[in-house]
Every structure is written in structure tokens, then in C-alpha cells.
1. Mind checking which residues of segment 243-261 are open to solvent by less than 60 Å² (accessible area, probe 1.4 Å) and within 20 Å of the chain's Cα centre (by Cα)?
2. Within segment 222-261, which strands (runs of 3 or more DSSP E) (wholly inside it) include 3 or more residues that are touching a residue at least 40 places away in the same chain (Cβ under 8 Å), out of contact with any Pro (no Cβ under 6 Å at 6 or more places or on another chain) and not aromatic (F, W, Y)?
3. Please verify whether segment 225-248 includes one or more residues that are among the aromatic types (F, W, Y) and under 14 Å from N193 (Cα atoms).
4. May I ask you to say which residue of L156, L167 is touching a helix residue (DSSP H, G or I) at 6+ places or on another chain (Cβ under 7 Å) and under 21 Å from F116 (Cα atoms)?
5. Could you grab me the full set of residues in segment 193-220 that are outside any strand (DSSP E or B) and of a type in the set (D, E, K, R)?
6. Only residues in segment 264-289 that are in contact (Cβ under 8 Å) with a residue 60 or more places away in the chain and at positive phi count as the first member; pair them with residues that are part of a helix (DSSP H, G or I) and buried (at least 17 other Cβ atoms within 10 Å of the Cβ), Cβ under 7 angstrom, at least 6 apart or cross-chain, and list the lot.
7. Mind checking which pairs have a first residue in segment 43-60 that is more than 23 Å from E90 (Cβ to Cβ) and a second that is small (G, A, S) and open to solvent by 10 Å² or more (accessible area, probe 1.4 Å), Cβ under 9 Å, 6 or more apart or different chains?
8. Got at least one residue in segment 286-294 being in a helix (DSSP H, G or I), polar (S, T, N, Q), within 21 Å of S45 (Cα to Cα) and over 17 Å from the mean Cα position of the chain (by Cα)?
Amino acid sequence: AIMLRGVLQVARAAHHTLRSPCVRAAGSMFVVPRRHMSSSVPDISLGLTQDQIEFQKVALQFANDRLLPNAAKWDQEEIFPRDVLKEAAELGFGGVYVKDDVGGSNLSRVDASVIFEAMSTADVSTTALLSIHNMCAALIDRFGTEEQRQHFLPQLVTAERLASYCLTEPGSGSDAASLQTRAVKQGDHYVLNGSKAFISGAGESEVYLIMARTGGPGPKGISCILVEKGTPGLSFGKKEHKLGWNSQPTRAVVMEDCKVPISNLIGKEGEGFSIAMKALDGGRINIAACSLGGAHQCLVTARDYIKVRKQFGQPLSQFQALQFQLADMATSL
């Protein structure tokens, strides 16, 4: 919170160095350098508080400066931009709604949505991974013990360590309560066996929040257990080949007699499914915000293109049919 509030103070003191001002005159729109908006594109700052507008400006500047110039290369060459994620965390974006006693920014879900939407105008893939990391950090913050919070969160909010959310399995997707990964108590440890599929950040993240079955069938038999990278018995599948989102690796997470301390249990036994669903309540909002940011930039790109592309001696923007189509896109957005 201190880091992000400090950024806001600098932003307000040197407003012109961060973004063009949000002009409220009739017909004016929020202006983003290098990616200009006009009346054909919805104002992304409309309805926000002054603090949220400042968060948005900081996130947009970071998106323009650090994500936009690199996003295509990261996707084409499948580069995982860990250093840039750390830079985002320096702005307070590594633990947006984690409490400030462990270094989090302690902001609201709406604030987080504003930030992730703004960052996604430059790079949906990298921002989505950061949003998942935030979801995991918030899960530990909300449901973990004080010892777990103090041990894990300071390094997560700075992105020195990254976290992955592990629910989906080869045989259980939407029917998450049917998962088969098991965790059996042996003395003061759990021994995990099973696999998770399509896990964002797998192989790169240092912390894995595993939903495993500690009891009988159904949702009440599931618990949430934290497994750290390097734990014997924890391994990863091959990196999946994807048509996009290549700045974040996707792999299977495999546990074969993977032994972790009982103290790594998040919440109580049998609460894992409830914890997983509550985490997704916010996680789904984050991903929706990322999608909205990407869609917004698609609209801006389409608007800019029809202004310069000419056919039959005039810009495409002069053809009424395309004006209608752009207006429909803006309305849908």
C-alpha cells in the first residue's frame, strides 16, 4: 500500500509526466499517449474515483512502457518476462488486494479490475498471469494462518516468488468436485499423488496451491495444500504449445509421493473446495477485466486503422457501414 500510495503521490505531483490529463469538457476523452482515443471509443476512466483514475494512469503508463514494446516478441518467442513482473510488483501490483502488514497494497476488487484492465490493453497474457498470482496471494492472505501469511506473502507481493493455482485435472474441469488428486496423512506430513492440467505458470512458479482429496468423495472431501517448487515428488509436464498467451507457460503439475508438512494446509481439512471457489469469485472478475482491456485495445486499433486505410479514394472511416460496425463494437464493449 505504501508503495502504491507513493506512486499516486508522485503521479499527482507530476501529472503531465505520466499521462495527458483527463479532460471533462464536452466531447473530450481520456487520452493515452501513442494509443489515442476519440469519441468512437468508450472512456475507460468514466465512473471511477480519483484514486482509481490515478491507479489506471500508473497501470497504463507501465503497459505502454514495459508491456506494449515487448508483448509480440514474448508471444512469438515464448519468453516468460519474470523481470517485468517484478517491476510491476514494485508498483504495488504483486499483491493488489493483500493486506498491507505483509507488503500488499490492500486495495479493493474494483481497484484491481481497473489495474488489470489497463495493463491488458498492452498484453492480456502477461497481465492474466499476474492476476492469477494475485488470486493465489490473496487466498493465502485470507485463509492462511498468521505464520503462513508472514512466511509466504512478503516474497509473493514483490514477485520474488510467483504462485500458481492448481484445481483442474485431466478428468475434472468444470466438475471440479470430482478431482482425484489425493493427500494422505503420514505422521506430520501429507503425501500427495495425482496430477493437475493446464496450470498457468507451472514450472516457473515457486508456490503451488493444490486442491487435493483428503477425505471422501464430493466437495467436502477436498483440502487446499501449499506445495513449494523443489519438493521431492513434484514435477512438471512438457510446456504446452498454444496459439497465444505464450508469455505465460502452461504445463501439467505432477505429484508422485510428494511429501509436504501438515503445516502447509491452508484453512482446515475439507474446506479446500470452498476456498477454491471463493478464490475464483475474484479470479473470474480479474480475467474478465483482462479480456475487457484486450477488447478495448482491439477497438482502438480498428478505429485507428480505418482512419488511414483508403479505398475508392477515401478513408474507410468515411463509409457509413463501417461506422455502424465500429459503433456496434463500441456499444458491445
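The values are calculated or read from the model by the stated rules, or taken from the named source; none is laboratory data. What you see is a predicted model; the values in this text were computed from it and never measured. With ideal geometry, Cβ positions are generated from the backbone for all residues, glycine too; neighbour counts draw on all protein chains shown. Each accessible area value is taken on the protein alone, full model and side chains, heavy atoms only, with ligands, DNA and RNA left out. Shrake-Rupley method; radii C 1.70, N 1.55, O 1.52, S 1.80 Å.
1. G244, N246, S247, Q248, P249, T250, R251, A252, V253
2. 222-228, 250-261
3. Yes, the conditions are met somewhere in segment 225-248.
4. Sole residue among the options that is touching a helix residue (DSSP H, G or I) at 6+ places or on another chain (Cβ under 7 Å) and under 21 Å from F116 (Cα atoms): L156.
5. E204, E206, K220
6. Pairs found: G267/F143; G267/I275.
7. D43/S28
8. No; the residues of segment 286-294 include none that is in a helix (DSSP H, G or I), polar (S, T, N, Q), within 21 Å of S45 (Cα to Cα) and over 17 Å from the mean Cα position of the chain (by Cα).
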